[in-house]
């Protein structure tokens, strides 16, 4: 396929845009894409470290389709790209599972500044200790649970 702008070079950049249900496609060579100011990043996706979604049966996940652009979940698994902004809503449950399995948390926590973040650091530590406490109770390690409970109470007093 030749570039739609210069009609000389092979098209290596393929853009698809969906606006109000109207789909437009653009096929450009690298030079014409640069001329239009289109920035390109070549990222390997999915990253080699991504784990497959194991908790949902494959046939159920295979049939997921975006209600707006009709993009299929299995295309995301193969390419790592979504079709439109509505795909985030259509695939929200599956995306949350992939993110949590690969990155540990769906919610971005960010970094804590070195100075002036005392209460925030304490709150994060309390959350971490509460998770440990739950785990200790589940494992019936009550001595550790009591120790963790006391640490949590002491930290919560510091905040107030």
Practice task
May I have the extent of the alpha carbons of segment 1-42 along their three principal axes, as whole Å values ordered from largest to smallest?
Solution key: 31, 21, 16
Problem - Taking 120, 28, 129 and counting other C-beta atoms within 10 Å, the order from fewest to most - result: 120, 129, 28
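On full extension of the chain, what length is gained from residue 78 through residue 100, given 0.36 nm per residue of separation minus the C-alpha to C-alpha distance?
Numbers: separation 22, 0.36 × 22 = 7.92 nm, distance 1.89 nm.
Full-extension gain reported as 6.0 nm.
A short reminder: the numbers here are calculations on the coordinates, not readings from a lab. Since we're looking at a predicted model, the values are computed, not measured. Here the Cβ is made from the backbone with ideal geometry for all residues, glycine too, and neighbour counts use every protein chain on show.
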